[in-house]
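Remarks on the structure that follows.
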Amino acid sequence: MKRRRIDVTTTPEKSLIGVSDKVQLEFAIFQNRVIFTQDTDFLRINQSNSDHCEIVYSYQSNKSIGEIIKGLILIWELLEPSDMSGKVEFI
């Protein structure tokens with residue numbers, strides 16, 4: 001995705017491995033980013049609190065890496081993070 005000049009960061013790159021979901025969400029909100037995850041905890045967070053950044057979710061083993069990347073690119077092309085605040089998009 002970086003080859004397409006899409007501003008992407010990763011959890012390891014930002015030293016966020018092992019931090020709580022709350023810290024991950026706070027980072028994404030502060031940076032005006034979207035979280036891509038396969039962690040169902042983020043779906044529970046969405047149900048209990050709509051005050052979060054956009055979450056893009058894909059079920060584990062449901063899609064290939066290529067399909068996930070295509071879905072992420074489509075979301076990037078069509079939506080702004082601020083438009084999707086507090087929502088979940090599924091790929």
> Looking at region 61-82, is at least one residue of a type in the set (Phe, Trp, Tyr), modelled with pLDDT of 90 or more and open to solvent by 40 Å² or more (accessible area, probe 1.4 Å)?
Replying inline: no
> So which residues in region 67-91 are more than 20 Å from residue 26 (Cα to Cα) and hydrophobic (A, V, I, L, M, F, W, C)?
Replying inline: 68, 69, 72, 73, 74, 75, 76, 78, 79, 90, 91
> Based on what the data block shows, is residue 17 modelled with pLDDT under 90 and not in a strand (DSSP E or B)?
Replying inline: no
> Restricting the search to region 54-70, which residues are more than 23 Å from residue 32 (Cβ to Cβ) and of a type in the set (Ser, Thr, Tyr)?
Replying inline: 59, 61, 64
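The values are calculated or read from the model by the stated rules, or taken from the named source; none is laboratory data. Values in this document were obtained by computation on a predicted structure and should not be read as measured data. When we count neighbours, we look across all protein chains shown, and the Cβ atoms used for this are built from the backbone with ideal geometry, even at glycine. Surface accessibility is based on the protein's heavy atoms, side chains included, excluding ligands, DNA and RNA. Shrake-Rupley method; radii C 1.70, N 1.55, O 1.52, S 1.80 Å.
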